[in-house]
1. Return yes when Ile162 is loosely packed, with under 13 Cβ neighbours inside 10 Å, β-branched (Val, Ile, Thr) and modelled with pLDDT under 95 and no when it is not.
2. Please determine, by comparing only the residues of the range 70-92 that are aliphatic (A, V, I, L, M) and open to solvent by 60 Å² or more (accessible area, probe 1.4 Å), which one is farthest from Arg193 (Cα to Cα).
3. With the structure loaded, tell me whether Val186 is surrounded by 13 or more Cβ atoms within 10 Å (Cβ to Cβ), within 18 Å of Phe18 (Cα to Cα), within 19 Å of the chain's Cα centre (by Cα) and free of Cβ contacts under 8 Å to residues at least 60 places away in the same chain or whether it fails that test.
4. I'd like the full set of residues that are at pLDDT 95 or above and of a type in the set (Gly, Ala, Ser), limited to the range 47-81.
5. Could you tell me which numbered condition Gln176 fails, if it satisfies all but one of (1) touching a residue at least 40 places away in the same chain (Cβ under 8 Å); (2) open to solvent by 20 Å² or more (accessible area, probe 1.4 Å); (3) under 20 Å from Phe38 (Cβ atoms)?
6. Going residue by residue through the range 45-62, is there one that turns out to be assigned to a helix (DSSP H, G or I) and in contact with a Ser or Thr (Cβ under 7 Å, 6 or more places away or on another chain)?
7. Has the range 62-69 got at least one residue that is more than 21 Å from Leu6 (Cβ to Cβ), more than 13 Å from the chain's Cα centre (by Cα) and crowded, with 20+ Cβ neighbours inside 10 Å?
8. Would you please name the residue that is nearest to the chain's Cα centre (by Cα), looking only at residues in the range 129-149 that are buried (at least 19 other Cβ atoms within 10 Å of the Cβ) and of a type in the set (A, V, I, L, M)?
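The values are calculated or read from the model by the stated rules, or taken from the named source; none is laboratory data. Please read these numbers as outputs of a predicted model, since none were measured by experiment. We place every Cβ from the backbone using ideal geometry, glycine too, and count neighbours over all the protein chains shown. Heads up: the accessible areas ignore ligands, DNA and RNA and are worked out on the full protein's heavy atoms, side chains in. Shrake-Rupley method; radii C 1.70, N 1.55, O 1.52, S 1.80 Å.
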Amino acid sequence: MDDFILYVTEGFNHVMNFNVGAYDHLLFFILIAVPFFFKSWKRLIGLSLSFTAGHIVSLLFVIYGKLTFSTSYIEFLIVVTIAIAAIYNIFTAGNRHRNNHNWMTIMVALFFGLIHGFGFGSGFEMLAAGAQSKLLMLLEFALGIELGQLLVIFVVLLFNFIFTGLFRFNKKEWVQIISAIILGMVLPLLMVRWIF
């Protein structure tokens, strides 16, 4: 039971990491959730599960397939996924067509989850070194990731309700402002990591 709590906690902390340069997971899930409201909770859970599935698959490749990529390339690609999500939000905020592309967004979330998972590959190998069952440990870790992502989604939906429901912010502008702020946060990282 101690191992279960340890690995779930590690997964949760992987998402809820506020350290400089390590909050990419938080930023990505803020961008995933900000265009939505509580009535879309099922769709958001689908996106979150899809991202986690991608994360699991890439970590399986790391553990069992010994597949690794250059950390600098993966770190750059992680920032690219955040920038793409921010730009997508800015240009599609308020467009009704967003709701018609559910499978496409699920596949994109899965692909982005693969990239983010490879970013944690070496850290996960160190974490898994002492585990009796690496597969079980991965599933426990994934549960922690999912719980962290769901918490981020809930908090973002709550802020969406407060600012667009109670304070009457324009919904389209709210999505664009939050997305633009996050884009502004990652652009310097994009330039730094481009040089690698």
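1. Working: loosely packed, with under 13 Cβ neighbours inside 10 Å: yes; β-branched (Val, Ile, Thr): yes; modelled with pLDDT under 95: no.
The answer is no for Ile162.
2. Narrowing the range 70-92 to residues aliphatic (A, V, I, L, M): 74, 77-80, 82-87, 90.
Adding the requirement that they be open to solvent by 60 Å² or more (accessible area, probe 1.4 Å) leaves 77, 84, 87.
On the way: Leu77: 9, Ile84: 16, Ile87: 19 Å.
Taking the candidates together, the pick is Ile87.
3. On the way: surrounded by 13 or more Cβ atoms within 10 Å (Cβ to Cβ): yes; within 18 Å of Phe18 (Cα to Cα): yes; within 19 Å of the chain's Cα centre (by Cα): yes; free of Cβ contacts under 8 Å to residues at least 60 places away in the same chain: no.
For Val186, the condition - surrounded by 13 or more Cβ atoms within 10 Å (Cβ to Cβ), within 18 Å of Phe18 (Cα to Cα), within 19 Å of the chain's Cα centre (by Cα) and free of Cβ contacts under 8 Å to residues at least 60 places away in the same chain - is not met.
4. Ser48, Ser50, Ala53, Gly54, Ser58
5. Failing condition for Gln176: (3).
6. Within the range 45-62, the subset assigned to a helix (DSSP H, G or I) is 45-62.
From the residues that got through so far, the ones that are in contact with a Ser or Thr (Cβ under 7 Å, 6 or more places away or on another chain) too are 47, 62.
Yes, the range 45-62 contains a residue that is assigned to a helix (DSSP H, G or I) and in contact with a Ser or Thr (Cβ under 7 Å, 6 or more places away or on another chain).
7. Within the range 62-69, not a single residue is more than 21 Å from Leu6 (Cβ to Cβ), more than 13 Å from the chain's Cα centre (by Cα) and crowded, with 20+ Cβ neighbours inside 10 Å.
8. In this case the residue turns out to be Ile145.
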